[in-house]
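Trainee: If you scroll down you'll find the structure; I have some questions about it.
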Amino acid sequence: MSARIVITAVAVAAASLWMADAASAQCAMCVTALEQNGGAMAVGFNRGILFLLGMPYLVFTAIGACWYWNRRNRVLEPLPASK
């Protein structure tokens, strides 16, 4: 891997970690409605959003892993003896 790609990846990772607080923001109406209860409901709302964002990745990772293991087992099986 070239040094340019590594530097770019590190810069993108650093920028995304730096902007993590802004990523958990909602629209102004949602923030106003959720913070009326002291903010406890807003924490649950943010966790629910993150849960919903993570589920497709989990499902597709599980499907891909099953496909990979089945494909790998087929390749590793011995060929039948010819007569």
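Trainee: For region 30-43, give me each residue that is part of a helix (DSSP H, G or I) and loosely packed, with under 11 Cβ neighbours inside 10 Å.
Mentor: THR32, ALA40
Trainee: Mind checking which residues of region 32-65 are modelled with pLDDT under 90 and β-branched (Val, Ile, Thr)?
Mentor: Matches in region 32-65: THR32, VAL43, ILE49.
The values are calculated or read from the model by the stated rules, or taken from the named source; none is laboratory data. Nothing here was measured: the structure is a model prediction, and the numbers come from that model. Virtual Cβ from ideal backbone geometry, glycine too; neighbours counted across all protein chains shown.
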